[in-house]
Amino acid sequence: MVRWIVAYVDRPRDRFAAGAAFWTAVTGTRLSARRGGDGEWATLLPEDGDACVKLQAVRDGGGAHVDLEVDDVRAEVTRAVALGAAVAADHGDWAVLRSPEGRAFCLTPWEGAARRPPVFAATRLDQVCLDVAPGAYGEEVAFWAALTGWPPLTGSLPEFTVLRSPDMPVRLLLQRLGDGPGRTAHVDLACADPEAARVRHERHGAAFVARGRHWIVMRDPAGGVYCLTGRDPETGSLPG
């Protein structure tokens, strides 16, 4: 059973400091001490509530992934494999796995987190979007729905499927790509006013990339793409 979910913002090692400065500023958090053998992990600590966003320094590229916190890691690894996942690295008390399409995620022990952090500056980082190749889309939706236990809901466009739980701080959005390989991912923020959020993010060093139907694509100072979406920061839903 998933007890908590953490969104990881993955950024290149040589740009980690720039990414950390940006994401703490736009989420109203402070950075924890860095952890790991190479200082590759850090947590965005909110003023209230329990942390649900972390940063990871990666060797190549960048993007996002999720950690699912569970009561029994060993049992959940076995269940995930039965659903079609593959174990990429088993560390005993936590494990890195890959979905049927091949995207990485982690199963880690739940440490009691239960309170979602508050909205900051009319925005909330509350979604990880998984970009899925067309041929893998159905299998990925079925896998993530079964793994989390969250019902799949049709999104605002037919190429989107939303997986969410009212008790969780972060939801999953699966996007069926028109063509090309999948396995990429990025974070999304729900914004009461995406244009105002864009201006504020640009002041902190982000750059505008493109505009979609309900979202604005941005690039942070560490080179990673993310989206400002026109969803209610409290409910996660589109207006109307």
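Points worth noting:
- Subset of segment 6-28 [in a helix (DSSP H, G or I), more than 22 Å from Ala121 (Cα to Cα), touching a residue at least 60 places away in the same chain (Cβ under 8 Å) and open to solvent by 20 Å² or more (accessible area, probe 1.4 Å)]: Arg15
- Yes/no for Gly112 being modelled with pLDDT under 95 and either closer than 30 Å to His204 by Cα or within 20 Å of the chain's Cα centre (by Cα) (or both): no
- Contacts under 8 angstrom Cβ, first residue in segment 41-57 being within 15 Å of Glu111 (Cβ to Cβ), partner small (Gly, Ala, Ser) and assigned to a strand (DSSP E or B), 6 or more apart: Trp41/Ala57; Cys52/Ala7; Lys54/Ala7; Lys54/Ala42
- Of all residues in segment 210-239 being β-branched (Val, Ile, Thr) and more than 17 Å from Phe22 (Cα to Cα), the one that is modelled with the lowest pLDDT: Thr235
- Scope segment 144-170; condition in contact with a Gly (Cβ under 7 Å, 6 or more places away or on another chain) and either open to solvent by less than 30 Å² (accessible area, probe 1.4 Å) or modelled with pLDDT under 95 (or both); matching residues: Thr161, Val162
- Residue under evaluation Arg203, criteria (1) among the charged types (D, E, K, R); (2) modelled with pLDDT of 95 or more; (3) touching a strand residue (DSSP E or B) at 6+ places or on another chain (Cβ under 6 Å); (4) open to solvent by 20 Å² or more (accessible area, probe 1.4 Å), criterion not met: (3)
- Unmet criterion (only one of (1) open to solvent by less than 40 Å² (accessible area, probe 1.4 Å); (2) part of a strand (DSSP E or B); (3) closer than 25 Å to Ala25 by Cβ; (4) not β-branched (Val, Ile, Thr)) for Phe208: (1)
- Within segment 182-197, being open to solvent by 50 Å² or more (accessible area, probe 1.4 Å) and either free of Cβ contacts under 8 Å to residues at least 12 places away in the same chain or within 19 Å of the chain's Cα centre (by Cα) (or both) holds for Arg183, Thr184.
- Residues of segment 46-55 satisfying the condition of being more than 12 Å from Val6 (Cα to Cα) and surrounded by 12 or more Cβ atoms within 10 Å (Cβ to Cβ): Pro46, Gly49
- Members of segment 211-235 that are free of Cβ contacts under 8 Å to residues at least 12 places away in the same chain, part of a strand (DSSP E or B) and either β-branched (Val, Ile, Thr) or in contact with a Ser or Thr (Cβ under 7 Å, 6 or more places away or on another chain) (or both): Val217
- Those residues of segment 29-45 which are of a type in the set (Val, Ile, Thr) and surrounded by fewer than 14 Cβ atoms within 10 Å (Cβ to Cβ), in sequence order: none
- Looking across segment 1-39 at every residue that is over 17 Å from the mean Cα position of the chain (by Cα) and among the acidic types (Asp, Glu), the one that is nearest to Glu69 (Cα to Cα) is identified as Asp38.
The values are calculated or read from the model by the stated rules, or taken from the named source; none is laboratory data. Remember, predicted model here, so these are calculated numbers, not experimental data. FYI the Cβ positions are ideal-geometry reconstructions off the backbone, even for glycines, and counts take in every protein chain you see. Each accessible area value is taken on the protein alone, full model and side chains, heavy atoms only, with ligands, DNA and RNA left out. Shrake-Rupley method; radii C 1.70, N 1.55, O 1.52, S 1.80 Å.
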